[in-house]
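The values are calculated or read from the model by the stated rules, or taken from the named source; none is laboratory data. Small disclaimer: the values here were computed from a predicted structure and weren't measured. All Cβ positions, even for glycine, are placed from backbone atoms using ideal geometry, and neighbour counts span all protein chains on display.
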Amino acid sequence: MNKAEVIASVAGDLNATEQSVDAAIAHAATLVQAMIGARTQLSLSPVSGAEAQAKAMEAIAALSTARQAIVACHAELAKDHRRLGYGTYAGGILDKPEEPPRETRPVYQLRA
């Protein structure tokens, strides 16, 4: 494999991992929603299944941590890519900002 093929392979694996983590978060959230809906439809007390629901939410928190780690991995790989002089390889299928958008507030100036 030449350099471009190796880089493309790693980029593809990274993208697949990012999508898999996002899908896992979505599925876990759907599970929690289904658990709450089922409890409501069966007219069960909120105490019923509370521990299982808490465990599912712990899983979502762990997946969120995993997502942060893979995003950080992506940023580090991008730095290495540029540092090694490979330039921009591909923009990817998603528009991913370098940093989170900052909150924009109007600027008011006080006049005396």
- request: Any chance you could count how many residues in the range 1-52 are outside any helix (DSSP H, G or I) and not small (Gly, Ala, Ser)?
  value: 6
query: Would it be correct to say that Ser43 is surrounded by 11 or more Cβ atoms within 10 Å (Cβ to Cβ) and not hydrophobic (A, V, I, L, M, F, W, C)?
result: no
message: So, in the range 15-43, how many residues would count as being in contact with a helix residue (DSSP H, G or I) (Cβ under 8 Å, 6 or more places away or on another chain) and among the aliphatic types (A, V, I, L, M)?
response: 9
field: Some residue of the range 10-22 being modelled with pLDDT under 95, surrounded by 10 or more Cβ atoms within 10 Å (Cβ to Cβ) and among the β-branched types (Val, Ile, Thr)
entry: yes
Only listed residue being surrounded by fewer than 10 Cβ atoms within 10 Å (Cβ to Cβ) and at pLDDT 90 or above, chosen from Glu51, Glu58: Glu51
query: Looking at Ala50, Ala11, which one is in contact with a Gly (Cβ under 8 Å, 6 or more places away or on another chain) and small (Gly, Ala, Ser)?
result: Ala11
